[in-house]
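Computed from the coordinates by the stated procedures, all read-outs in this text should not be read as laboratory data. Just so it is clear, the structure is predicted and the values come from calculations on it, not from any experiment. Heads up, the Cβs are rebuilt from the backbone with ideal geometry, glycines too, and the neighbour counts pull from every protein chain shown.
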Amino acid sequence: MTARMTSRHIRTNISTRLFLVISGIIIIAVSTSCSLDWESNVESGNRDQILHYGNGEEPQEIDPHLTTGIPEFNIQLALFEGIVSKHPSNLGIEPGVAESWDISEDQLIYTFHFRDNARWSNGDPVTAHDFVYSWERALRPELGSLYSYMFIYIKNADEFVKGKIKDFSKVGIKALDERTLQVELNAATPFFLQLLDHHSYYPVHPPTIEKFGGMLKRGSQWSRPGNFVGNGSFVLKEWKLNRILIVEKSKTYWDADKVKLKEIYFYPVQNNSTEERMFRAGQLHITSTVPNEKIAEYRKTNPDSLNITPYLGTYFYRFNTKVKPLDDVRVRRALSMSINRKQIVEHITKGGQIPAYTFTPPNTNGFTSVAKFKYDIEAAQKLLVEAGYPDGKDFPNLEIIYNTDESHRMVAIAIQQMWKKALNINVTLANQDWQVYLENETQGNYQISRAGWIGDYLDPNNFLDMLLTDGGNNRTRWSNSEYDANIAAAALAVEKEERFKLFQRNEQILVDESPVMPIYTYTRVFLIKPSVIGWDQNILDQHPYKYVSLQAD
Amino acid sequence: MTQSSETTAEQSIIDLDSVESGTSLWEDAWNRLQQNKLAMFGLYVVSFMIIIALLTPWITPYSYFEQDLDLGATAPSAAHWLGTDTLGRDLLTRIMYGSRISLMVGFLATAVALSIGVLWGTVSGYFGGRVDAFMMRTVDILYALPFTIFIILLMVVFGRNILLLFMAIGAVEWLTMARIVRGQVLSIRQQEYIDAAITMGLPKRQIMLRHVIPNTLGTIIIYVTLTIPNVILLESFLSFLGLGVQPPQSSWGLLISYGVETMEEYPWLLIFPAVVLSVTLFSLNFLGDGLRDALDPKASRD
């Protein structure tokens, strides 16, 4: 018995030892192979010129005539090119599809001369006819582009959008020949060239659009990988919903020699903390934002990665002016007067944001509004009494919607409490997916919604015309005929002072009517690896990717 | 009896007691439970939590929603024992208010699951045959529904409402309960005393209520103590997804999910709620284990 026991004992001992040795070998082998193979995205990206970009949200669409968001634009900027483009740092106008242009003396007629080597990603030449087709598509009321009001400077475009003119040939957009496009404006528009770099002015490839359901089909398959044809420096390679969108360098792009990046990976990382961890782990070159609570830490320990730069944009809340009790201007003003914007930027967002008391950010192309939103709790309480809700009595429960984001949530909770304290009213919060949130906002299916408006070009008009009656980005269902008339008059005005006077009047109307409640002026806060070259800072935060490259260690 | 009366007075009392008042099933169980230290610890902790939750408004000087933005997040101090969150709200107060929601969800949702599950299981098991087949297939089908999608659907249709949360979780949790009870009832139905009751002409309803259900109680109680932690975790999970309770209210799950966001800067915002949740869940599990052993002496003898 004992002998057998011992022998078994020895055998188990041997097998245990053998097991240990083998597993040891495996562990060593695996760990060494790991350390040999393991390379972070950033390291391999730097070597292979692949940019890993945290893009915040899953894009709603990449069709340039159907989107309104920044995450979408970040991708479109790689996939399309307008007639002109912008210099990466000073935002000056650079040639794009057009290599040169003439402007008539009265500044009403622009003639663009296309370069002969501008190509679609399938090899077709980019022609003036393609632009006529694309802009007709953007303007056709049936398509319902939310940005069609960007075209109102073009002769008869507004009438066409509103359905007063059915014949597109009457609109001031003409292809003189394959490579010459002529645009006729209503009035001298100093920022017209800047508009041409906006995504609503981007061209789409007519044969592809026709192949997948025609000009007016929304949700068409043309913008899917495999089907996609674009004219930008990059072309769509892969799109996995909620995971990744990959673009690769276009071989047919006219300036392909200049493009150094081979691929760009766009990651829709909604969660700020996750994104920051990915950045730290070397998974991302650039993030969309930084968690508010981490800004101070980065300032201290890693200031090279942290970027805080001025950003032309306003963070605000929209009031749906057609639902009770927000249809009452006194209620809207009371709500807007009872939030402490200073506390929000100092204690919640913490990224150097500036409290916003005007809708247009101060000093936008030299314009600063005189009329200001106020912080005055007593006046707010009085207004609420006048509106019939003394001390918040019988005030209906309101809901704030925001797209899922830690910072939006904190701001909303703070505002919820500020209103509770100042006016004794209750609001609930609802976070929604980016696409759901955009849809609800556009449909007017909300009461109060968090919003941000980032400048597309450097002019106060870019902020103020957002609130035009029935403008695709108005979404508050607010309408004021004097306001609309002022915007129209400003578009025709030649003198800067005259335009600014009209804008001043409109800012005053906004303060009086409060369809929106500005909260703060943005700063662009994000993390970037030092190996990214050519990511020049500019106030619109637009970075044409053809100037970007990565430095290998 | 006569023998005992001959002994001394002092002894007689003790002996009389031990003989005359034979211990009931419940007393037996209680005695056995008391011997299980871990289970008693669980019982004390759970009772403590419930008392704190009930008394919260009277024992904390802070409110769970009042913010102090200038203060911001502070580490534990004399004024704020567990520190404050990024909006300057007292964490201890928020944990205590959170316990009200979490425990309420735990108990109410379990109660919903309990009532539906026991009724369904008993009827199904007792009647057997086609009724049983139909009722159990219904359970199977409901089992197959993905839970999260089901809850999200309910939330979309009925809006976010804390009562709905109880109902929704309860409506999902009753399935297992129904199966367990049915199994028990199937075996109880074969017992002689049920035959006796039938022979005596008792109506079915009375047999079920007076003879079947009481005999399944042991199993049910055990399962309940295991369901409560489950449900509290579910609420945490739903709040984590943004489907559960809404700000400024708090629940343990919500506090933890916020804590995760800032765990590097303000670790106390994660640690304290997580500790409280874990301790409570462990306690409930210990209590459940203890009750199982106490109520089912056969199992404990093995």
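Miscellaneous remarks
- Normalised by 2.2 N^0.38 Å, with N the number of residues, the alpha-carbon radius of gyration of chain B equals 1.26.
- When the alpha carbon coordinates of region B:39-98 are projected onto the principal axes, the ranges are 44, 20, 17 Å, largest first.
- Least to most buried among B:MET49, B:MET263 (fewest other Cβ within 10 Å first): B:MET263, B:MET49
- Structure-based [θ]222 nm, chain B - -39500 (n - 2.57) summed over DSSP H runs of at least 4, per residue, nearest 500: -25000 deg cm²/dmol
- Percentage relative contact order, region A:101-208, counting C-alpha pairs under 8 Å, at least six apart: 34 percent
- In percent, rounded to a whole number, the relative contact order of chain B is 26, using alpha-carbon pairs under 8 Å and six or more apart.
- Debye log10 I(q)/I(0) at q = 0.10, 0.11, 0.14 Å⁻¹ for region A:420-553, Cα point scatterers: -0.51, -0.60, -0.88
- Equivalent ellipsoid, region B:139-242 (semi-axes from 5 times Cα gyration tensor eigenvalues, Å): 36, 14, 12
- When the convex hull of its Cα atoms is viewed from all sides, region B:197-302 shows a mean projected area of 10.6 nm².
- Estimated [θ] at 222 nm from DSSP helical runs (n ≥ 4, -39500 (n - 2.57)) normalised by residues in chain A, nearest 500: -10000 deg cm²/dmol
- Dividing the Cα radius of gyration of region B:50-198 by 2.2 N^0.38 Å, with N the residue count, gives 1.54.
- Ascending count of other beta-carbon atoms within 10 Å, so fewest first, for B:THR84, A:THR127, B:THR60: B:THR60, A:THR127, B:THR84
- For chain A, with +1 on Lys and Arg beta carbons and -1 on Asp and Glu, the positive-most of A:PHE316, A:ASN340, A:GLN270 along the dipole: A:GLN270
- Rg/Rh (Cα only; Kirkwood hydrodynamic radius) as it applies to region A:246-311: 1.09
- Partner lysines for A:LYS372 [C-alpha distance under 26 Å; skip if fewer than 8 residues away on the same chain]: A:LYS322, A:LYS324, A:LYS342, A:LYS350, A:LYS382, A:LYS420, A:LYS421, A:LYS496, A:LYS501
- With Cα atoms defining each centre, region B:150-216 and region A:153-213 are spaced 69 Å apart in the structure.
- Across chain A, Cα pairs under 8 Å and at least six residues apart give a relative contact order of 19 percent.
- Partners of A:LYS170 within straight-line reach, counting aspartates and glutamates whose Cα lies under 15 Å from its Cα and excluding those fewer than 8 residues away in the same chain: A:GLU136, A:ASP158, A:GLU159, A:GLU184.
- Highest GNM mean-square fluctuation among B:ILE232, B:ILE198, B:ILE101, for chain B modelled with Cα contacts below 10 Å: B:ILE198.
- Between helix B:37-59 and chain B: long-axis angle, C-alpha atoms, 0 to 90°, nearest 10: 50 degrees
- For region A:354-506: rounded, prolate or oblate by the Cα gyration tensor [a/c cutoff 1.5]: prolate
- The angle between the Cα long axis of helix B:162-189 and the main principal axis of chain B comes to about 20°, on a 0 to 90 degree scale.
- The base-10 log of I(q)/I(0) for region A:157-201, evaluated at q = 0.20, 0.21, 0.32 Å⁻¹, reads -0.84, -0.91, -1.13 [Debye formula, identical scatterers on Cα atoms, solvent excluded].
- Diffusion constant of region A:218-267 at 20 °C, which comes from Stokes-Einstein with the Kirkwood Cα-pair radius and 1.002 mPa s, µm²/s: 185 µm²/s
- Calculated Rg and Dmax of region A:193-300 using C-alpha coordinates, Å: 17.7, 55
- Size descriptor for region A:313-427, Kirkwood hydrodynamic radius: 15.0 Å (Cα pairs only, one decimal).
- Longest to shortest principal axis, alpha-carbon extents of the protein assembly as shown, angstrom: 131, 83, 62
- Overall, the protein assembly as shown carries a charge dipole of about 1520 debye about its Cα centre when +1 sits on the Cβ of Lys and Arg and -1 on the Cβ of Asp and Glu, all other atoms neutral.
- Principal-axis tilt of helix A:70-79 within chain A, Cα atoms, nearest 10 degrees: 80 degrees
- Under 14 Å, Cβ to Cβ, from B:PHE127 - net charge with Lys/Arg +1 and Asp/Glu -1: +4
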